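Handing you a structure now.
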């Protein structure tokens, strides 16, 4: 995917080698599928589901800042090719979603992208590489250890630049859900009706897949031959049923938290084909039937 280079408007925090805090265009200063191990490598553990546990383990105070590492935005985004891809994707995602929020009359706030290596700190508690990329609603951060992309390619057979962009766009989809209040509504519904918790989690994740497709559809001029196939292959490889089977477990729909391979591919394709965020209603029974 031929994305334009990032610009100084993106917000990047770099915790690699000590951590730091980055603002839009600013210096980096001081601050700062739950399915066996294979599942933990893919799109991470949902911090909204584990926040209570993390807070009880760490106390009620905010996570302690890590020592800062001086550096510039350009340096943080150029540590390796995956870092630059992520920064480019973030800039593109901001430019795509901001006008959609403006059109809807909803305040838009760009998320921050946080790079860390092996271990880091988020507003949702400790970040660990085994969690995979995740979105933290508490600090509106997308957290990535870029070594994950190598594992995604080697262990899951889901390599390629568009597959990696899909990861970013999916996590950004969770940011969109946070801004419009969907995430909060789902959390409250899960609290009121625990037996529905997994089904609601699946709907939330599938909507983030659809939002990723919407972003790609609105940037068709950047898509290269083979990109869509890369994305759909990645969506298939991270389906709950496929991950369970790979881990030697019998797929059980009641235990799904992210959706089956068929569902994830279908909703990513829905976003790609429509380019319309309003088509991403994964919560209605009618919509669910269309992907089962």
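Order by neighbour count: 267, 97, fewest other Cβ atoms within 10 Å first, most last.
In order of increasing Cβ crowding within 10 Å: 97, 267.
Continuing with this model, one more query. How many nm separate the modelled label positions at residue 255 and residue 102, each set 7 Å beyond the Cα in the direction of the Cβ?
Inter-label distance under the simple model: 4.8 nm.
Given the Cα-Cα distance of residue 109 and residue 225 and 0.36 nm per residue of separation, how much length would full extension add, in nm? Could you put the intermediate results ahead of the total?
Details: separation 116, 0.36 × 116 = 41.76 nm, distance 3.25 nm.
Here the segment from residue 109 to residue 225 would lengthen by 38.5 nm.
Using 0.36 nm times the number of residues separating residue 189 and residue 274, minus their current alpha carbon distance, what extension gain do you get?
Working: separation 85, 0.36 × 85 = 30.60 nm, distance 2.84 nm.
Length gained, residue 189 through residue 274: 27.8 nm.
On a C-alpha basis, how far is the centre of segment 127-185 from the centre of segment 204-227 in Å? Whole number, if you could?
One Cα centre to the other: 14 Å.
7 Å from Cα along Cα→Cβ at both residue 130 and residue 74: what's the point-to-point distance in nm?
About 4.0 nm, to one decimal.
Is the shape of segment 172-251 rounded, prolate or oblate, going by the alpha carbon gyration tensor and its root eigenvalues a ≥ b ≥ c, with a/c under 1.5 for rounded and a/b larger than b/c for prolate?
Oblate, because a/c is 1.5 or more while a/b does not exceed b/c.
Arranged by the count of other C-beta atoms within 10 angstrom, fewest first, what order do 131, 196 take?
Result, fewest neighbours first: 196, 131.
Here's another thing I want to ask about it. Mind pulling the per residue volume of the convex hull built on the Cα atoms of segment 106-154? Å³ is fine.
Cα convex hull per residue, to the nearest whole number: 75 Å³.
Got a sec? How would 2, 268, 232 order by Cβ neighbour count within 10 Å, fewest to most?
Numbers: 2 11, 268 28, 232 21.
Neighbour counts put them in this order, fewest first: 2, 232, 268.
Read-outs throughout are calculated quantities, based only on the coordinates presented, and are distinct from any laboratory measurement. What you see is a predicted model, and the numbers here were worked out from it, not measured in a lab. FYI the Cβ positions are ideal-geometry reconstructions off the backbone, even for glycines, and counts take in every protein chain you see.
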